[in-house]
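Trainee: Supplied in structure tokens, the structure appears directly below.
Nothing in this text is a laboratory measurement; each read-out follows from the coordinates by a stated rule. These numbers were taken from a predicted model, which means no experiment stands behind them. A quick note on method: Cβ atoms are made from the backbone with ideal geometry, for glycine too, and the neighbour counts reach across all protein chains shown.
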């Protein structure tokens with residue numbers, strides 16, 4: 001039997017993080033949440049629910065992220081939720 005590819009396959013793990021109430025109430029009015037990248041270079045992540053590819057090109061880059069991807073992306077080091085200016 002061949003186990004070709006089993007050595008190189010990686011299992012993706014999705015970690016859900018509870019969002020603060022201020023974000024969850026905002027999510028009911030919009031369909032996206034803003035994240036800021038605070039790492040040193042660049043980073044690309046894929047949203048586990050939407051399948052969207054989010055590319056943070058430089059430190060300080062901000063992107064709007066689909067609401068269903070927000071809790072998983074909040075668990076990624078170097079990504080921070082940007083506080084909403086709307087109340």
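Trainee: Return the total of residues in the range 38-53 being more than 15 Å from residue 64 (Cα to Cα) and part of a strand (DSSP E or B).
Mentor: So the count comes out to 0.
Trainee: Oh, and also: Can you name every residue in the range 54-76 that is in a loop (DSSP other than H, G, I, E, B), at negative phi and in contact (Cβ under 8 Å) with a residue 24 or more places away in the chain?
Mentor: Scanning the range 54-76 gives 61, 67, 74, 75, 76.
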